[in-house]
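Throughout, read-outs are computed from the coordinates displayed, never taken from laboratory work. This structure is a prediction, so every number in the text was calculated from the model and none was measured. For neighbour counting, all protein chains shown are included, and Cβ atoms are generated from backbone atoms with ideal geometry for every residue, glycine included.
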Ligand SMILES: *Cc1c(COP(=O)(O)O)cnc(C)c1O
């Protein structure tokens, strides 16, 4: 029997894994969630003896049950290869009291590569399985890192096109340059005059626009999503937590069955949700530590049970977490409400109308495993300097948010002893200016590319290919549009009237 995925807002809307990947978002605007999370059928000790690709298969076969073994292995082997600059794919390092999962060794040096290098394989396999004749148009909103990772993944993949919208003034210079220099012939990139939430809302509206779907279909197209609302992103993200946990077992740092803490710098709630799903699959977790920047809507939510996005949107040094509407929280809400789609739909419609909702005391009780806190821009900078001064290790601004919140967690709870896995989500090279400014304000006088050379001197870490690539690459995408014009812009790209 195949695992069934269901919309968070309507019990009756169901899909197999491959159909859920193709659709991205459910027709009612809800998110697909698995009816249950199957338990691992190999022991943690046995997983500790496997490499990344083998662990990936053991996890993914349970979640994507309508893919054959051959299909899944082909997807896994196609994704995790020499595109990654570390043969382990996810090296685990110990710094500042945490086991750091370095998730940034893929093509675009952010953790999004872990999932977006496999999503195109899953998507095209799913299209084949379901006899889809239309071309798949990937529609993506990005706070900076998803955009390039999705472009890199889908560039020149036959049967697909990809359109990416990013907040024109809300991403780092390196992030923007990476996107606008994309060469893939099937790619389209546009800045919007608005913030990430505007981009994400615009994209979600296009997904649930039936007229648009119809005219797309008439022209031989259909939309899908590369955002973390797609379960084809979430499932590959479960893998590295189980991989990380079992590396600690392999190294003798923990015994199989010991509980760990998981620390995740959070924006759209996809990455931390994947760790929660991994725990439901059998990875023993004590607390999920949700780290936010100054856009601390999740911190407030975990504290009060009230989700309230009615507040100022703050641009920080960790732009990939500058988000007030964390889409994937909907999947947690659904679970907290006992898998009741009507309760979930009620809260989300409240959010759409008033910008806030309050969960029931019972739901709040159900989320005690989550701990939220946040770090200000100054705290992030101080933390980068502190860690650097400890042992010469340099973290990016997002990872620093997580480190800083982990410090706060230990101080507040006294839980110093539970080993912690911390998701390091980007290479410091992606945010060189903020990172070096934190270490010494004198660096601010230098140009972006001088800073990259300085960072190399300081860290001793090789400059990633992704950075070398953009030094000389020409800008190929120059479109900027208003948030109201996103639909028109997509139609222009697809040459639809
Ligand atoms: C996307 C991103 C995040 C946030 O991840 P979510 O899954 O949206 O919570 C954190 N750090 C970096 C560097 C990112 O690119």
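Rounded to the nearest 0.05, what FRET efficiency do residue 51 and residue 497 give with R0 = 51 Å and r taken as the Cβ-Cβ distance? Could you check? List each step's numbers first, then the result.
On the way: r = 51 Å, r/R0 = 0.99.
Efficiency, from the Cβ-Cβ distance: 0.50.
Could you put 497, 446 in order, starting from the residue whose Cβ has the fewest other Cβ atoms within 10 Å? Don't skip to the end; give the middle numbers.
Working: 497 6, 446 15.
Sorted ascending by nearby Cβ count, the order is 497, 446.
Would you calculate the separation in nanometres between label points at residue 461 and residue 376, each defined as 7 Å from the Cα along the Cα-to-beta-carbon direction?
According to this spin-label approximation, the distance is 2.7 nm.
Please tell me the relative contact order of the range 285-383 in percent, rounded to the nearest whole number, where contacts are Cα pairs under 8 Å and at least six residues apart. Intermediate values should be presented prior to the final figure.
Values: 124 pairs, mean separation 44.5, N = 99.
Relative contact order of the range 285-383: 45 percent.
Please give, to one decimal in nm, the separation of the simple spin-label points placed at residue 385 and residue 300, each 7 Å out from Cα toward the Cβ.
Taking the two extended label points, one gets 3.0 nm.
Stretched out fully, how many nm does the piece from residue 478 to residue 415 gain, at 0.36 nm a residue minus the Cα gap? Spell out each step's value before the answer.
Values: separation 63, 0.36 × 63 = 22.68 nm, distance 4.98 nm.
Full extension of this stretch gives 17.7 nm more.
Based on DSSP, what percent of beta bridges with both residues in the chain are antiparallel, to the nearest 5? Working shown, then result.
Numbers: 14 of 52 bridges.
Beta bridges within the chain, antiparallel portion: roughly 25 percent.
What is the range 52-165's relative contact order, in percent, from Cα pairs under 8 angstrom and six or more apart in sequence?
Numbers: 131 pairs, mean separation 23.0, N = 114.
Value for the range 52-165: 20 percent.
Along the Cα→Cβ direction, 7 angstrom out, place labels at residue 93 and residue 352. What is the inter-label distance in nm?
With each label point 7 Å from Cα toward Cβ, the separation is 4.5 nm.
Once you have the Cα-Cα distance between residue 27 and residue 255, take 0.36 nm times their residue separation minus that, and quote the gain in nm to one decimal. Don't jump to the answer; show the numbers that get you there.
Working: separation 228, 0.36 × 228 = 82.08 nm, distance 4.40 nm.
Difference between extended and current length: 77.7 nm.
Note down the relative contact order for the chain as a percent, whole number, built from C-alpha pairs under 8 angstrom at least six residues apart.
On the way: 979 pairs, mean separation 93.9, N = 497.
Computed value for the chain: 19 percent relative contact order.
Can you put 285, 380 in order of Cβ neighbours within 10 angstrom, beginning with the fewest? The partial results should precede the final answer.
Working: 285 19, 380 30.
Lowest to highest Cβ neighbour count: 285, 380.
Hey, fewest Cβ within 10 Å first, where do 443, 245 land in order? Before the final figure, lay out each step's value.
On the way: 443 18, 245 31.
Fewest to most other Cβ atoms nearby, the residues stand as 443, 245.
Taking Cα centroids, how far is the range 235-268 from the range 83-131 in Å?
Between the Cα centre of the range 235-268 and that of the range 83-131, the gap is 15 Å.
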